Amino acid sequence: MNAEIINIGTELLLGDTVNTHHSFIARELAAFGINTYHQCCVGDNPERIDEAVKLAAGRSDLIITTGGLGPTVDDITKQCVAKAIGKKLVFHQESAKRIEEYFERKGNTFPDTNYNQAYLPQGCIVLNNEYGTAPGCICKGKGLTVIMLPGPPRELIPMWRDSVAPYLEKLSDSVIYSQNVRAFAMSESKADILISDIKTPEGVTIAPYAKNNEILIRVTAKAKNIKLAKKAAEPVAKLVAEKLGDKVYSTGECESLAEKCVKMLCESGKKAATAESCTGGLIAKMITDIPGSSTVFELGEVCYCAEQKNLRLGVPMETIDKFGIVSCQVAEAMAKGVMEKSGADFAIATTGVAGPGGGTPETPVGTVCVAVCGKEFMCSRRLSIKREKDDRDYVRNYSAAYALDMLRRIVDRK
């Protein structure tokens, strides 16, 4: 089965809204063995939507549209699709009732224009919206299946998982299972060399992807059912991890270094704290973005100037004067200070020059000192982060990721 994704919304074309639907839906389709050969984005214009649907119908078995299901005059997806596949829009009483109940729960006034969302293609499968008002639908016509989904991700994703995925599972004669191996601070070319001699069984593929500060190796297997696909992919993923060595921080169970650290801290019953200068609270944010982090994160301090490092973290001014504010000695003192202040088991500290200004010949932009300590040990590193041009965000993100990688290695020692 071949699919095409049509994202509808002028706000997507203008760049006012970031379009994340195409990547989410393409990945989900691949899991059912459904090919995605084309995808496009069109504005809220009936002629262009009609043209996109007709073009897709001529080369695909399945069309998935996102957006344009709301109550306003520019929400015209259903009208255009229904016309293209020869269906009439009819009033769906149950959907109208659900929309009314949604407004009642919110305590909001109910504009009658919301009833427009209850008009759906005749004979379609209605997809209930548990997080908004616009229902989705699945309709067939002229040898084609069209799935229409609302635009907001918080509505689209649950609808996909609750309704669309079970529907597609019944249509698919095979499934695709992927297991991701993630390694920090390794280039795509280096990873490719290390795994180049791995022989994969039929139906299993290995694909490297360069991500921010890391490499992701995706091992994918296609089989008749998920059990067989996992059985084929998992040994290959294990071999990939062995080839990449200790730079691997996850073989599928965690999607980020922060998630890995939170998981390890939870399992060990330990807690962490942060003291940040050049990263400006980024490490604390990465950690607290993870659900469950409240059980393992004690305190986050952001101290830029020397006086606050001394006042809030107890960094001796003598240490700053002797070694400089960007030094491993100061980073270590910051880590020790926040650990003692918070009572945490581990602490992370960063101090450096993120740029684009502020560098000196002795301490150029991209110089960052990172320290991680526990109750009985201290570890620090001086990084020289090189870029073709000054990139403040890159320096900060790399430093934060490096610090988390140090933490996960230390927690792993137990």
### Message
Being among the aromatic types (Phe, Trp, Tyr), modelled with pLDDT of 90 or more and more than 30 Å from LYS224 (Cβ to Cβ) is the requirement here; does TYR119 meet it?
### Response
yes
#### Entry: GLY374 surrounded by fewer than 16 Cβ atoms within 10 Å (Cβ to Cβ), more than 18 Å from SER277 (Cα to Cα) and assigned by TED's automatic domain parsing to the domain that holds LEU299
no
### Task
Working only within the range 224-253, note down all residues that are within 18 Å of ARG27 (Cβ to Cβ) and either among the polar types (S, T, N, Q) or surrounded by 18 or more Cβ atoms within 10 Å (Cβ to Cβ) (or both).
ALA229, ALA233, ALA237, SER250
### Summary
Taking first residues from the range 253-267 that are under 16 Å from GLY374 (Cα atoms) and second residues anywhere that are outside any helix (DSSP H, G or I) and of a type in the set (D, E, K, R), the pairs with Cβ under 7 Å that are 6 or more apart or on different chains are LEU265/LYS271
#### Entry: Criterion (modelled with pLDDT of 95 or more, more than 26 Å from the chain's Cα centre (by Cα) and acidic (Asp, Glu)) met by exactly one of GLU388, GLU362, GLU307
GLU307
### Task
Return yes or no: is GLU340 outside any loop (DSSP other than H, G, I, E, B) and more than 21 Å from ASN212 (Cα to Cα)?
yes
## Note on the structure
Residue hits (the range 371-385; in contact with a helix residue (DSSP H, G or I) (Cβ under 6 Å, 6 or more places away or on another chain) and in contact (Cβ under 8 Å) with a residue 40 or more places away in the chain) are ALA371, CYS373, MET378, SER380, ARG382
### Query
When both residues are 6+ apart or on different chains and their Cβ atoms are under 8 Å apart, which pairs have a first residue that lies in the range 316-330 and is closer than 14 Å to VAL353 by Cβ, and a second that is surrounded by 18 or more Cβ atoms within 10 Å (Cβ to Cβ) and charged (D, E, K, R)?
ILE325/LYS309; VAL330/LYS309
### Task
Take ARG396 and decide whether it is over 14 Å from ALA349 (Cα atoms), charged (D, E, K, R), touching a residue at least 60 places away in the same chain (Cβ under 8 Å) and not assigned by TED's automatic domain parsing to the domain that holds ASN213.
no
### Task
Can you give me the number of residues within the range 344-359 that are under 32 Å from the mean Cα position of the chain (by Cα) and outside any strand (DSSP E or B)?
7
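Condition check ((1) buried (at least 18 other Cβ atoms within 10 Å of the Cβ); (2) within 25 Å of LYS260 (Cα to Cα); (3) at pLDDT 95 or above) across all residues:
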{"position": "GLY300", "(1), (2), (3)": "yes, yes, yes"}
{"position": "LEU311", "(1), (2), (3)": "no, no, yes"}
{"position": "TYR402", "(1), (2), (3)": "yes, yes, yes"}
{"position": "ARG408", "(1), (2), (3)": "yes, yes, yes"}
{"position": "VAL411", "(1), (2), (3)": "yes, yes, no"}
### Query
If you scan the range 53-67, which residues turn out to be of a type in the set (A, V, I, L, M) and closer than 17 Å to LYS87 by Cβ?
VAL53, ALA56, ALA57, LEU62, ILE63, ILE64
### Query
From the set of residues in the range 340-365 that are in contact with a Lys or Arg (Cβ under 7 Å, 6 or more places away or on another chain) and surrounded by fewer than 22 Cβ atoms within 10 Å (Cβ to Cβ), which is nearest to ILE320 (Cα to Cα)?
PRO356
#### Entry: Pick from the range 61-70, criterion of a type outside the set (S, T, N, Q) and part of a strand (DSSP E or B), ranking: nearest to the chain's Cα centre (by Cα)
ILE64
### Message
From the list GLU301, GLU267, exactly one residue is part of a strand (DSSP E or B), more than 21 Å from the chain's Cα centre (by Cα), more than 28 Å from ILE195 (Cβ to Cβ) and of a type in the set (Asp, Glu). Which is it?
### Response
GLU301
## Note on the structure
The residue that is surrounded by the most Cβ atoms within 10 Å (Cβ to Cβ), considering only those in the range 1-44 that are free of Cβ contacts under 8 Å to residues at least 60 places away in the same chain and part of a strand (DSSP E or B), is VAL42
### Message
Given the condition closer than 22 Å to TYR398 by Cβ, among the small types (Gly, Ala, Ser), buried (at least 23 other Cβ atoms within 10 Å of the Cβ) and assigned by TED's automatic domain parsing to the domain that holds ALA349, answer yes or no: does some residue in the range 284-295 qualify?
### Response
yes
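The values are calculated or read from the model by the stated rules, or taken from the named source; none is laboratory data. Small disclaimer: the values here were computed from a predicted structure and weren't measured. Every residue, glycine among them, receives a Cβ derived from its backbone with ideal geometry; neighbour counts consider all protein chains shown.
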